[in-house]
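Here is the structure we will look at.
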């Protein structure tokens with residue numbers, strides 16, 4: 001059998017695509033065959049981060065102009081288990097049903113579930129109800145699944161966690177008077193906060209935007225900085241804040257809702273989305289108490305708990321549970 005993760009063919013830093021690749025890699029290391037397939041371009045492979053994922057290539061594309069699957073696909077109902085991103089639920093899930101393919105839906109952002117069935121909500125309900133398994137990236141995502149599909153068999157939901165590379169957790173150089181942030185998601189908020197903080201911060205502190213950087217460059221900057229500003233909205237998990245924390249930053253900003261499962265003091269200081277005045281005040285307060293927080297026992301314990309809760313071991317254990325369930329489902333296929 002093989003677990004085939006479908007992924008958009010997009011070669012810009014998007015955390016969800018990296019998670020797909022890492023999960024597929026980890027299943028392979030666990031002895032469960034897995035690959036990544038890009039329906040829009042079967043020859044595509046991401047190169048903005050390093051990976052050892054198996055790319056399932058081919059001459060044919062899964063999509064035509066109207067997102068229809070070719071009648072004779074390369075997928076085998078007896079051996080292939082398809083994992084569909086939530087934004088493609090209807091257009092691919094319905095085709096899996098028609099062709100008796102076993103499939104799961106990987107929900108990395110519960111706030112995008114509706115995009116998988118914009119023009120046909122009834123079909124979206126059917127696709128989720130007939131899915132063999134549903135992967136949920138966070139506690140918040142699981143709650144949104146229950147809210148979106150009240151009659152859904154909750155036993156189908158498999159909790160997984162995103163991959164957080166060990167590079168973020170490793171040894172780091174002495175911290176500098178640097179505040180970092182990623183402006184891609186809420187650029188307007190980031191621009192205003194940058195302006196306000198430039199007027200409020202001591203002159204020896206720098207604000208650095210992390211944008212259009214490689215994974216190695218991101219790791220290096222987060223290991224140098226002392227405070228990270230979180231700009232996220234309606235996220236499925238929100239990786240940057242937890243990566244920044246594991247790299248030794250105190251984090252101030254938005255949770256994107258899903259990050260509430262780990263966004264707690266003293267490491268994380270939540271700001272309600274859009275409250276820019278409070279945002280600046282909390283950054284200044286964090287800066288004033290920075291050294292005291294970093295040496296506190298409460299901070300050290302919280303960081304250790306984060307390492308354990310979102311460790312490679314936890315990720316492996318959860319993925320193995322999913323992989324074993326997928327194997328069992330295929331073994332039951334006539």
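All of the numbers you see were taken from the coordinates with simple rules; none came from a lab. In this text, all values refer to a predicted model and were calculated from it rather than measured experimentally. Virtual Cβ from ideal backbone geometry, glycine too; neighbours counted across all protein chains shown.
Under the rule a/c < 1.5 gives rounded, and otherwise a/b versus b/c splits prolate from oblate, where does region 1-53 land using the Cα gyration tensor?
Numbers: a/c = 2.19, a/b = 1.43, b/c = 1.53.
It comes out oblate by the Cα gyration axes.
Need the C-alpha centroid separation for region 207-280 versus region 89-154, integer Å.
Between the Cα centres of region 207-280 and region 89-154 lies a distance of 29 Å.
Select from 27, 318, 124 the residue whose mean-square fluctuation is largest in a Gaussian network model of the chain (Cα-Cα springs shorter than 10 Å).
318
At a threshold of 8 angstrom on Cα-Cα distance, excluding pairs fewer than six apart, so keeping six or more, what relative contact order does region 166-257 reach in percent?
36 percent
Sort 221-228, 74-81 for me by packing, meaning the mean count of neighbouring Cβ atoms within 10 Å per residue, highest on top. Can you show the working numbers first?
Numbers: 221-228: 21.9, 74-81: 17.2.
Ranked by mean Cβ neighbours within 10 Å, highest first: 221-228, 74-81.
Please build a GNM for the chain, connecting alpha carbons under 10 Å apart, and tell me which residue among 218, 277, 251 fluctuates the most.
Comparing 218, 277, 251 in the GNM, the peak value goes to 277.
Set the Förster radius R0 to 35 Å, insert the Cβ-Cβ distance between residue 261 and residue 177 as r into 1/(1 + (r/R0)^6), and round the FRET efficiency to 0.05.
Given R0 = 35 Å and the Cβ-Cβ separation, E is 0.70.
Averaging sequence separations of C-alpha pairs under 8 Å and six or more residues apart, then dividing by the length of the chain, give the relative contact order as a whole percent.
Once divided by the residue count of the chain, the mean separation gives 15 percent.
With angles folded into 0 to 90 degrees, how steeply does helix 89-98 sit against the dominant principal axis of the chain? Use alpha carbons for both and round to 10.
Orientation of helix 89-98: about 20 degrees from the principal axis.
With Cα extents along the principal axes in Å defined as stated, name the option among (i) 86, 46, 28; (ii) 61, 45, 39; (iii) 67, 39, 36 computed from the structure displayed.
Among (i) 86, 46, 28; (ii) 61, 45, 39; (iii) 67, 39, 36, the one derived from this structure is (iii).
With springs connecting C-alpha atoms under 10 Å apart, model the chain as a Gaussian network and identify which of 132, 275, 41 has the largest mean-square fluctuation.
Fluctuation is largest for 275.
Mean separation of Cα pairs under 8 Å and 6+ residues apart, divided by the residue count of region 188-334: what relative contact order is that in percent?
18 percent
Using a/c under 1.5 as the rounded threshold, could you call region 274-334 rounded, prolate or oblate? The axes a ≥ b ≥ c are square roots of the C-alpha gyration tensor eigenvalues, and prolate needs a/b larger than b/c, oblate otherwise.
Judged from the Cα gyration tensor, region 274-334 comes out oblate (a/c at least 1.5, b/c at or above a/b).
Calculate for the chain the 222 nm mean residue ellipticity that helices alone would give, adding -39,500 (n - 2.57) per DSSP H run of length 4 or more and normalising by residue count, nearest 500 deg cm²/dmol.
-12000 deg cm²/dmol
For region 166-309, rounded, prolate or oblate, judged on the Cα gyration tensor with a ≥ b ≥ c (square roots of eigenvalues), a/c < 1.5 rounded, else prolate if a/b > b/c?
Judged from the Cα gyration tensor, region 166-309 comes out rounded (a/c under 1.5).
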